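Worksheet: the structure to be examined is printed underneath.
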Amino acid sequence: PPLILSEFWAKSVRGNDWVCQLNSFVGLLNSVLRLLIFTMIKQIELTLPNYRRGFHLITSEIVDVLGQLPETGILNIFIQHTSAGLTINENADPTVRQDFESSFNSLVGENEPFYLHTYEGTDDMPAHIKSALVDSSLTIPITNHRLNLGQWQGIYLCEFRNRGGRRNLVLTIYT
């Protein structure tokens, strides 16, 4: 009898595409459920102190608030502002940050006669334009319980306002 049932099943599957499609869907559903069950998400909000206009290394502030990292994963960092941004760049020589500031100020000037959005100050519209040139979020791999940045890489807050105030970051860890 087991042989007869297996032959019947084999003929049924071959004759019915919907059975094959159902089996494929069940397999896909199982994969998605496994992914959801084994994907852990941790989210932390970090408010940075006031920084003056410029490019500021904030790697240590981020690492300090994260605590124990998983063995492997991904960290996403998102800034909740439109006149500041984030980037990853050289962390050893502070003159790099000064050169960034000079270059961005050269690229995007203040008091341009064509700016319409001027009621928040002469530094506001240029800050929006500059923030569009850098990122509002970064994705960094986590390897061996550490951020897998290159030897000379650091995370920058790019503050484009003269007095931008405290900046809020959302840090999300995916494992």
Report task. Output yes when any residue across segment 133-152 is small (Gly, Ala, Ser) and within 21 Å of Lys42 (Cβ to Cβ), and no when none is. Result -> yes
Query raised in the report: Among the residues of segment 41-59, is there at least one that is open to solvent by less than 60 Å² (accessible area, probe 1.4 Å), at pLDDT 95 or above, touching a Cys at 6+ places or on another chain (Cβ under 6 Å) and not hydroxyl-bearing (Ser, Thr, Tyr)?
Result: yes
Query raised in the report: For residues in segment 99-140 being touching a Ser or Thr at 6+ places or on another chain (Cβ under 7 Å) and within 17 Å of Leu157 (Cβ to Cβ), which is least open to solvent (accessible area, probe 1.4 Å)?
Result: Ala127
**Report entry** Selection within segment 74-94 - touching a Lys or Arg at 6+ places or on another chain (Cβ under 9 Å) and open to solvent by less than 20 Å² (accessible area, probe 1.4 Å)
**Finding:** Ile79, Ser83, Ala84, Gly85
Query raised in the report: Taking Ile129, is it at pLDDT 95 or above, of a type in the set (Val, Ile, Thr) and in contact with a Gly (Cβ under 7 Å, 6 or more places away or on another chain)?
Result: no
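The values are calculated or read from the model by the stated rules, or taken from the named source; none is laboratory data. Everything numeric in this text was worked out from a predicted model, so none of it was measured. When we count neighbours, we look across all protein chains shown, and the Cβ atoms used for this are built from the backbone with ideal geometry, even at glycine. When the accessible area is computed, the model is the full protein with side chains, heavy atoms only, and any ligands, DNA or RNA have been set aside. Shrake-Rupley method; radii C 1.70, N 1.55, O 1.52, S 1.80 Å.
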